[in-house]
Amino acid sequence: MNTDIKTKEYTTVTEVSGPLMIVEGVEGVAYNEIVEIETPAGEHRTGQVLEVKEDIAVVQVFEGTSDLNTKNTKTRFTGETAKIGVSKEMMGRIFNGTGKPIDGGPEIIPEKELDINGNPMNPTSREYPAEFIQTGISTIDGMNTLVRGQKLPIFSGSGLPHNELAAQIARQAQVIGDDTEFAVIFAAMGITHEEANFFMNEFEKTGALEKVTVFMNLADDPAIERILTPKMALTTAEYFAFDLGMHVLVILTDLTNYCEALREISAARDEVPGRRGYPGYMYTDLAGIYERAGRIQGKDGSITQMPILVMPQDDITHPIPDLTGYITEGQIVLSRDLYRKGIYPPIDVLPSLSRLMGGGIGEGKTRPDHSGVSDQLYSAYAEGRDLRDLVAVVGEEALTERDQAFLKFSEEFEKRFVTQSKDENRSIEETLDLGWDLFRILPRNELKRVKDEFVEEHLKE
Amino acid sequence: MIIEGNIIKIAGPVILADGMRGTQMHEMVKVGDSQLVGEIIELEGDTATIQVYEETAGIKPGEKVESTGGPLSVELGPGIMGAIFDGIQRPLEKIKEQSGDFIARGVQVPSIDKEKKWTFKSVVSVGDKVLGGDVLGEVNETSAVVHKILVPPAISGTVKSIATGDHTVLDDIAEIETEEGTIEKVQMLQIWPVRKARPYVKKLDPDVPLVTGQRAQDTFFPIAKGGAAAIPGPFGSGKTVTQQQLAKWADADIVVYIGCGERGNEMTEVLTEFPFLDDPKTGNPIMDRTILIANTSNMPVAAREACVYTGITIAEYFRDQGYDVALMADSTSRWAEAMREISGRLEEMPGEEGYPAYLASRLAQFYERAGRVHTIGSEPKEASISVVGAVSPPGGDLSEPVTQNTLRICKVFWALDASLADKRHFPSINWLQSYSLYVDSIQNWWKETVGDDWRDNRDEAMVLLQEESELQEIVQLVGPDALPDSQQVTLQTARMLREDFLQQNAFDDVDTYCPPDKQAEMLRTILLFNKEAKNAVVNGGDIKKIDALSVKDEIARMKYIPTKEFDAKVKDIKAKIVDQMAGV
């Protein structure tokens, strides 16, 4: 590579608009390469090439474009795509959204420089995720089981306790019969100081801080920087998992802010918008984040992802949750109705789903009756919920005895199975036994989803 | 002649190069110093627009673009079966050998193994006259598939020599003298451009069903061999499980499964599960008849546009050998979105929701490559390609362009319903919205196979389900007790149809595949219950007692009775229905 280009400085910025700037008269600039920018005041910023046409480069500036001018802003093209230096020492440290330490500690001496975009994992190299993670939360363990290497997002709404839930999961998650702890990587995108402090305090309280690596882009940090944050976090996660053999739990919050940043750049570039102004490539872009969860054959480590996203107006059909749901392996949906009833965690099991549940449960993993219990809980609760509408019209007395049993079941299910306290860590046995306890409310011949032998075993008086 | 141009612009997967005069539309090119695979999608003067099938980061203006002289093509021949390819037919196993667990750029691997020797058994003799599409010989490729080596479509004449024994796919296995007197050498390997449909003689009427062993599909909304079906549904409604069930159990000779822009773990699941599942007809592992094309959602987007064509071309190649092929595309929405992304980068005028204006015609061209046909050759073979395309409508909204344009072409519509999925009613095929236009054309097959009452029973069941939905509205207002007894029986039977017939457990060893006979008999039993119960209430029977009959539990567990014991047990259940109804 020609070293002249790398050191050559341009002062030919011709246009600054939104997060973008256009540099003309450049030579040998590569698509996606990183640009170092010096503002007229001498401040240093970073950017990335979004498009090159002959000698014109379109650059997106991560730290914002204010103070840049078209007269003497200096740009230097590095010839490198965005990279992060990774090392074991990163664990327990706090970085900003672009990967620079902000905890006052020393700079990281990298053992490896990795491209933050990573490469797609070869499907033939993947190991199908099948190890049950006990989160201690009944609605997740019993009905939407999380497994190592899964990507399972929390779909929430503003004002719902998704942070508490995520912190509880991070605290309680363990694989039965394997005491290696999860290394947690926490990537914050555009969340408030308060929320960030909540997580930091939580980690500190449980003494997990030295197992947590934090990438922090807060609400008042430049929005465009958010584009890099999850990629930095996941590149580090891949290094921890597949080079160092650790089991990594990655918490990404809040993906909605990430997507807003994507839309901002897209709009600044005058691209043809897709739904609701989000760019048409948002699916591909999100896939580039979510698909970096998984396990690899013959390697010890794993990456389990728990992205959090706040659904605008609680609308699950909004493009952000919608595209996410098409990529992730299920979703945990929080409900405002349950929250209003005072239920914590307000997980609505009906729209929630874990696609990898089948491989992680059953004999030798959890318990042989697990899948039957889960199916039965689902169908009985769904039926009970349907009846509530009917009761609102005709009154409870008009229901048959059978229907009254289902109605009662749905109430008890919410009160006893869904509800648990913020530090209650239920074992999978406790969760399933609780399910059987609830089945006693129903007529026995209605237990069609569980095998007879299990009914015999668990419901004898 | 190789034409060399220079890159002038890079924007994501789309690049512009000048100095490209003389190259052709859809020609394959090598892009940049790292020799990425690309395809020309627009030509204007000296300038070519190229979509690149790999990540373009780090590419600079000024780097070279080389033409290859041919369009994007697939390699067809022994060695293709049981493999997993990326969107442009590079075997992922070989990529792994070269670049490890993550797919690096610019990996160059052959599509099929050129070194491996296959035992070729000729079926023609010297002096035979052959036409394009005729079988020259056979290779036993896997336990399930005899790979037939065909005369390439464009060649016909007299066999001058024919080989036998062990050969690589590049060895000459036959020489054919054409009428013009030239000698054409034929190898086992054929190369075919993906965007061009392979020829056939004529399309036939679809009158044979593709039996899938799935009750909701086979009995209510059947697909014919050579038909096209669409499965639209929001996320979590079970599209992928439905597709995989069809890939596992459909009575096709060959299955091509395209994972287009979907999850990596889903492909891994297929790879880990299929080798251990046996085809109910032949007993061979179903992986031996399956070809996988994987362009997962994080692989380059341009290759997603190509993967559907790669898949259907491979399907056509096996159709030409006389096989019934089933092709699953999961999901065609990702394919359409890939088109939209490329179109956006080309700054084309967008149509509805940003999709290019040619979306409808591309979808139609793809689905029209399905069909039951007479293949080319001296003795036409009957063969088919059935296509099942999953559609992922944003927000589950079926009015969006991809769903609507697909419905205009497909004759079968399996509408997946999120509210059914929430209740864990699987497969979540909505019986009121779904339809199949093949019911009339395939009813004779069913009548011959399972009995003359098939069509009547199916229609009767559909009417019951329709009535139930109307009655439910009344029940919502006044409660079930206000209905007359006979209508309450309808509610009971319809509930049985929904829970005990339509619901099918893909994860149960027995219920995952339900043979046609069993489907028909299960339906007969439920309708018998309906008839007997209606008679009983007319004669003053108590509806509460009917509801509490113990035989209802046995009907509910009918689906779990293994096929071998089924006949005896169902007889017993039917007798009990009549018996117990007498006591109400």
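Please treat every number below as a calculation from the coordinates, not as lab data. All figures in this text were calculated on a predicted structure; none of them were measured in a lab. Positions of Cβ are generated from backbone atoms using ideal geometry, with glycine treated the same way; all protein chains shown enter the neighbour counts.
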### Query
For B:Val510 and B:Ile2 in one chain, what is 0.36 nm times their gap in residues minus the Cα-Cα distance, to one decimal in nm?
177.0 nm
## Note on the structure
Length gained, A:Lys422-A:Thr180, 0.36 nm per residue minus C-alpha separation, equals 84.8 nm
### Summary
Rounded to the nearest 10, the angle in degrees between the Cα long axis of helix B:239-249 and the longest principal axis of the Cα atoms of chain B comes to 90 degrees
#### Entry: Shielding by other protein chains, A:316-328, mean Cβ within 10 Å
5
### Task
Positive end of the charge dipole of segment A:349-411 (Lys, Arg +1 and Asp, Glu -1 on Cβ, about the Cα centre): tell me which of A:Ser379, A:Leu356, A:Leu399 has its Cα farthest that way.
A:Leu356
### Under Karplus coefficients 6.51, -1.76 and 1.60, residue-wise ³J(HN,Hα) of segment B:180-195 in Hz, glycine/proline x
6, x, 7, 9, 9, 8, 10, 10, 5, 7, 10, 10, 9, x, 5, 8
### Query
What is the dipole size for segment A:1-100, taken about its Cα centre, with +1 at each Lys and Arg Cβ and -1 at each Asp and Glu Cβ, in debye to the nearest 20?
440 debye
### Task
Take every Cα-Cα pair in segment B:39-173 and report what % of them are more than 24 Å apart.
49 percent
### Unit charges at the beta carbon, dipole of the protein assembly as shown: most positive-side option, B:Val412, B:Ala306, B:His425
B:Val412
### Task
Pop the C-beta distance of B:Ser161 and B:Ala197 into the FRET formula with R0 = 25 Å and round what comes out to the nearest 0.05.
0.20
### Query
Tell me, how many Å apart are the Cα centres for segment B:98-141 and for segment A:173-194?
50 Å
### Query
So how far apart, in nm, are the two label points at B:Asp452 and B:Ala575 if each is 7 Å from Cα heading toward Cβ?
2.7 nm
### Query
Based on Cα positions only, what radius of gyration and what Dmax would you give for segment A:361-415, in angstroms?
14.2, 47
### Pair-distance profile P(r), taking every C-alpha pair of segment A:65-210, with 5 angstrom steps and integer %
2, 6, 12, 15, 16, 18, 14, 8, 4, 3, 2, 1, 0
## Note on the structure
Per the 1/(1 + (r/R0)^6) rule, R0 = 25 Å and r from the Cβ atoms of B:Tyr560 and B:Arg495, FRET efficiency to 0.05 is 0.85
### Task
Could you work out, for segment B:275-339, what percent of all Cα-Cα pairs fall into each 5 Å distance bin, beginning at 0 Å and stopping at the bin that holds the largest distance?
4, 15, 22, 19, 17, 14, 8, 2, 0
### Task
Taking every Cα atom in chain B, find the radius of gyration and the maximum pairwise distance Dmax, and write them in Å.
27.1, 90
### Query
In a solvent-free Debye calculation with one equal scatterer on each Cα, what is log10 I(q)/I(0) for segment A:238-359 at q = 0.13, 0.16, 0.22 Å⁻¹, listed in the order of the q values?
-0.64, -0.90, -1.26
### Query
How far is the Cα center of segment B:347-412 from the Cα center of segment A:222-300, in Å?
31 Å
### Query
Can you list residues whose amide H is under 5 Å from B:Ala228's amide H, if they're 5+ apart or on another chain and H is modeled 1.01 Å from N?
B:Val387, B:Lys411, B:Val412
### Task
Starting from the Cα gyration tensor of segment B:366-446, multiply each eigenvalue by 5, take the square root, and state the resulting semi-axes largest first in whole Å.
31, 17, 11
### Task
List every residue whose amide H lies under 5 Å from the amide H of A:Val250, counting only residues 5 or more places away in sequence or on a different chain, with H placed 1.01 Å from N in the peptide plane.
A:Ile185, A:Thr304, A:Gln305, A:Met306
### Table column - 3J(HN,Hα) (Hz), segment A:301-314, Karplus curve with 6.51, -1.76, 1.60, x for Gly and Pro
x, 7, 10, 10, 10, 10, x, 10, 9, 8, 6, x, 6, 6
## Note on the structure
Which residues qualify? For A:Val333, with a placed amide H closer than 5 Å and at least 5 residues away or on another chain, they are A:Phe155, A:Asp348, A:Ser352, A:Leu353
### Query
Cα convex hull of segment B:440-584: how many Å³ per residue?
119 Å³
### Query
What would the Debye formula give as log10 I(q)/I(0) at q = 0.08, 0.13, 0.20, 0.22 Å⁻¹ for the alpha-carbon point model of segment B:335-476, no solvent?
-0.36, -0.84, -1.27, -1.36
### Message
Please compute one quarter of the surface area of the Cα convex hull for segment A:1-158 and express it in square nanometres.
### Response
14.7 nm²
#### Entry: Magnitude of the charge dipole, the protein assembly as shown, Cβ model with Lys/Arg +1 and Asp/Glu -1, debye to 20
1020 debye
### Message
As a test of the definition: which semi-axes, in Å, follow for segment A:127-215 when you take the square root of five times each eigenvalue of its alpha carbon gyration tensor? Largest first, please.
### Response
22, 17, 12
### Message
Along each principal axis of its Cα atoms, how long is the protein assembly as shown end to end? Whole angstroms, biggest number first, please.
### Response
98, 87, 49
### Query
Expressed as a whole number of Å, what is the distance separating the alpha-carbon centroids of segment B:249-297 and segment B:475-549?
35 Å
### Query
Given the rule -39500 (n - 2.57) for each run of at least 4 DSSP H residues, summed and divided by the residues of chain A, what is its mean residue ellipticity at 222 nm, to the nearest 500 deg cm²/dmol?
-9000 deg cm²/dmol
### Query
Kirkwood Rh, segment B:224-271, all Cα pairs: how many Å?
12.1 Å
### Message
If every alpha-carbon in chain A counts as one equal scatterer, what log10 I(q)/I(0) does Debye give at q = 0.11, 0.12, 0.14 1/Å?
### Response
-0.90, -1.03, -1.31
### Task
Jot down the radius of gyration and Dmax of segment A:178-301, Cα atoms only, both in angstrom.
16.2, 52
### Query
Which one of A:Ile251, B:Gly137, A:Val450 has its Cα pushed farthest toward the positive end of the charge dipole of the protein assembly as shown, where Lys and Arg give +1 and Asp and Glu give -1 at the Cβ?
B:Gly137
